[in-house]
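Scroll down for the structure; my scribbles are underneath it.
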Amino acid sequence: LAKGDMRQRCCALLVTLIAVACGGRVATTALEDALSFSTVDAARARDSVRAMFTHSYSSYMKYAFPKDELQPLSCTGHDTWGSCALTLIDSLDTLLVMGYRDEFVHAARSVLQTVNFNRDKNVSIFETNIRVVGGLLSAHLLSSQFSLLTEDERAQLLGLAVDVAKRLLPAFDTPTGLPYGTVNLRHGVPPEETPIVCTACASSFSLEFGILSLLTGDQRFEQVARRAVRGLWSARSDLNLLGNHINCSNARWSASDATIGSSMDSFYEYLLKASILFNDAEYQQLFLDAYAAAIKHLKQGDWYTSASTLSLHASVT
């Protein structure tokens, strides 16, 4: 898959996600609202969003960097997800979307000079993947697209993504292929780590790990991500519904309620995105089957419920 093709697939991905997420009448209304937006309205909304981002980003850099996050009331920084300047890494692609190319270059170089993942630190594999691995990969790909940074600096961004992703791999070394939720960046899975992991956490690696395998040729990333998805789907009920928490040692559900909300949302998201980005027939079919089951068993009018995967007894709306 060429990088140009990947960018085209990302555009198609966005359009498809909007259509699927909205669905039917809601999608039509959303489209009508968007088309009724005047050029002046669009410019005003764009400038408002840009101003909010600029305020937030500038405040983080002034008061919190290189900590992970800004505490807005005390105007101090604190580490939450691994002591790796998380907000800065997570903001790199947004800087380019907002048109701040010079600041992107400065921020990317700050990451290269500051971030070191060789730490005795326990981290969430889910948050580290979507924020850190994803942020570094986006910065690498976008800096190449816009000819920003030096070739060596772009390679270093990819190198950092590979480094932290490798430190997540021990979590997937389980009998089921389902990962533990936490790893220590230096020592692997902590001895006291629980085997219970949420469905979203176990299934949200196909995008970042798939891209890593494409860019590096190291197939371990794509393979562990796919094995985890297959492990979850193998544990589905006869209704094609999945619970929201599972034991990664034996693939037994510890929380069997199905939902499209917290603890499960990105299971659906990543199946659809990966099917489009990689033109992957397996992920596409899994999404279609899981989506059809959610529509049939969880959707009630314009609302979705949480329900037992076995009895369909609605538990929470």
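Database remark: amide H of Ala85 closer than 5 angstrom to the amide H of Asp68 (H placed geometrically; neighbours at sequence offset of 5 or more, or on other chains; Pro and chain starts carry no H).
With a cut-off of 14 Å between beta carbons, the residues surrounding His297 carry a summed charge of 0, where Lys and Arg count +1 and Asp and Glu -1.
Can you tell me how the range 102-177 classifies by the Cα gyration tensor, rounded, prolate or oblate, using a/c under 1.5 as the rounded cut?
Because a/c hits 1.5 or more and a/b exceeds b/c, the range 102-177 counts as prolate.
Counting heavy atoms of the protein chains alone, His78 has an accessible area of about 60 Å² for a 1.4 Å probe.
Taking every C-alpha pair closer than 8 Å and separated by at least 6 residues, the mean separation divided by the residue count of the chain gives a relative contact order of 13 percent. Straight-line reach from Lys67: taking Cα to Cα under 23 Å and skipping same-chain neighbours fewer than 8 places apart, the lysines in range are Lys121, Lys166. Length gained on full extension, Asp289 to Ser144: 48.5 nm, using 0.36 nm per residue less the C-alpha separation. Taking log10 I(q)/I(0) by the Debye sum over Cα atoms at q = 0.08, 0.09, 0.10 Å⁻¹ straight from the coordinates, which label in [x] -0.57, -0.64, -0.71; [y] -0.45, -0.56, -0.69; [z] -0.40, -0.51, -0.64 is the correct one? Checking each listed value against the structure points to [z].
Two numbers describe the Cα atoms of the range 160-317: Rg and Dmax, which are 15.7, 49 Å. For the chain, a crude dipole built from +1 on the beta carbon of Lys and Arg and -1 on the beta carbon of Asp and Glu, taken about the Cα centre, is about 140 debye to the nearest 20.
In the chain, helices alone account for a calculated mean residue ellipticity at 222 nm of -18000 deg cm²/dmol, with every DSSP H run of four or more residues adding -39,500 (n - 2.57).
The values are calculated or read from the model by the stated rules, or taken from the named source; none is laboratory data. Remember, predicted model here, so these are calculated numbers, not experimental data. Here the Cβ is made from the backbone with ideal geometry for all residues, glycine too, and neighbour counts use every protein chain on show. The protein model used for the area step is the full one, side chains on, heavy atoms only, and it has no ligands, DNA or RNA in it. Shrake-Rupley method; radii C 1.70, N 1.55, O 1.52, S 1.80 Å.
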